[in-house]
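Heads up: the structure comes next, in structure tokens.
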Amino acid sequence: MADPAQSSASSERMVDRYFIVSADCHVNEPADLWAERIEPEFRRRLPRVEVDGEGRKWSVAEGLRPVRIRDDPRGLTKGQAFSVEAKDLDFSERGSPDPAKRLAHLRLDGIDAEVLYPNKGLLMWTSPDHRLSAAMCRVWNDWTAETFGGHSERIRPVAAIAPGDVEIAVAEVRRVAEMGFRPVFMPVQVAGQPYNLPLYDPLWAVLEETGLPISFHVGTARDPRGASGHGGAVINYVNALASAMEPLAQLCASGVCERHPGLRFALVECGIGWLAWALWAMDESFRKHEYWVHPKLPMPPSDYFKRQGWCTFCDDPVGLESRGWIGSDRLLFGNDYPHLEGSWPNSEEVLQRTMSALDEKERRMVLGENAAGLYGFNLPGE
């Protein structure tokens, strides 16, 4: 006979049964945030929206080609995709910087805590001028500390670091560590300066010393809209997700993780369906190309990820099926609030559909415990 208590638990909503951390959320920063706060010498060079003679809007940023901004004809509500309760909300408040409004939206989705990334601030690293990038990062760090500093038990904003100038980056890491930030946020790549170069060692050392984990969020530094025309939207989306392979391989195969065993990193908003193959491919090359491989590491590259790396996912049944190759302790759920490709406010439906094969221990880890340990959230009862 079935255990009545077990049957009752299995019928309960998943978002009500577990402590859930969204390891990938975003905030809509004030439109004038950087213009109001950045040093005057950089003000005219900030990313901006320009309107041409035909009334068309363009996103303009140093280092990127201008990108046409088109209004979403579907509006903000995504129509029938939203739950009845969500339709009662004012969707103009999605991604609000008001902590109370954010927490109300997260509660609707069953989310207990969030790791917070920028929206407009994803363009902070596009310029080849590392001084401009560093100045924009300082503005973001100061504003998020002021706005969310009193809510760290539920909201953990990332501290943005511009790694192109390592000396400036090291100083900013020390500053944000003193300010109480937990994770730091860096672009998936720096043009002409891949992360396997020894010049970054002082940065890895200070991150290891301060205990601040790194988040490499996709769609940063490099123009994610390389393709245009037929299929461009799909091509660019897939290419942006694949960009997380670069920091993964650079840190794990170059000796960075071997030299800095306390360094921790997460690959964010890239999904996990590709990750098992990437870990296998790194190890295959490590073995079969041994003659050319340098340095000669004591462990295969995948072992460094399984010791020091994590990866976020949202609606990714393929990735969850391959978790045995990755390790459930390496996975972080993120609802990507308030983006359309995320699961908010329907995370319950997504979790029920994709996590049926995970046992109780795996669900607790993937939904909250892994992120709590990495980002410093207290679990219930602690």
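Read the figures in this text as sums done on the coordinates, not as results from a lab. Predicted model, so just to flag it, every value in this text is computed and none were measured. Quick reminder, even Gly has a Cβ in these numbers, built from the backbone with ideal geometry, and neighbours come from all protein chains shown.
Placing +1 on the Cβ of every Lys and Arg and -1 on the Cβ of every Asp and Glu, with no other charges, gives the chain a dipole of roughly 640 debye about its Cα centre. If you count the DSSP beta bridges with both ends in the chain, what percent of them are antiparallel, to the nearest 5? Close to 25 percent. Spacing of the modelled spin labels on residue 48 and residue 325, each 7 Å from Cα toward Cβ, amounts to 4.8 nm.
Neighbour counts of other Cβ atoms within 10 Å put 168, 111 in the fewest-to-most order 168, 111.
Dividing the helix sum by the residues of the chain, where each DSSP H run of 4 or more adds -39500 (n - 2.57), gives a mean residue ellipticity at 222 nm of -10500 deg cm²/dmol. Dipole orientation for region 241-382: of the candidates 327, 343, 314, 327 has the Cα lying most toward the positive pole (charges on Cβ; Lys, Arg +1; Asp, Glu -1). The label-point distance for residue 96 and residue 307, in a model that sets each label 7 Å from Cα toward Cβ, rounds to 4.6 nm. Full extension of the chain between residue 17 and residue 296 yields a length gain of 95.9 nm, computed as 0.36 nm times the residue separation minus the alpha carbon distance. Taking the inverse of the mean 1/r over every pair of distinct Cα atoms in the chain gives a Kirkwood hydrodynamic radius of 21.8 Å.
The distance from the alpha carbon centre of region 336-378 to that of region 27-53 is 34 Å, rounded to a whole number.
In terms of the mean number of neighbouring beta-carbon atoms within 10 Å, the peptides 186-193, 309-316, 34-41 order highest first as 309-316, 186-193, 34-41. Rounded to the nearest Hz, the phi-derived 3J(HN,Hα) couplings of region 54-61 under the Karplus curve 6.51 cos²θ - 1.76 cosθ + 1.60 (θ = phi - 60°) are 9, x, 7, 9, 10, 8, 10, 8, where x marks glycine and proline.
3J(HN,Hα) along region 303-314: 5, 5, 4, 5, 9, 10, x, 9, 8, 9, 8, 10 Hz, from the Karplus curve 6.51 cos²θ - 1.76 cosθ + 1.60 with θ = phi - 60°, whole Hz, x for Gly and Pro.
Computed 3J(HN,Hα) for region 336-341, one whole-Hz value per residue from the Karplus formula 6.51 cos²θ - 1.76 cosθ + 1.60 where θ = phi - 60°, is 6, 3, x, 6, 5, 7, glycine and proline marked x.
How would you order 98-105, 112-119, 353-360, 201-208 from highest to lowest mean count of nearby Cβ atoms within 10 Å? Kindly include the intermediate steps, with their values, before the conclusion.
On the way: 98-105: 16.0, 112-119: 23.5, 353-360: 13.1, 201-208: 18.4.
For the peptides 98-105, 112-119, 353-360, 201-208, the packing ranking is 112-119, 201-208, 98-105, 353-360.
In this structure the amide hydrogen of residue 155, modeled in the peptide plane, comes within under 5 Å of the amide hydrogens of 114, none closer than 5 places in sequence on its chain.
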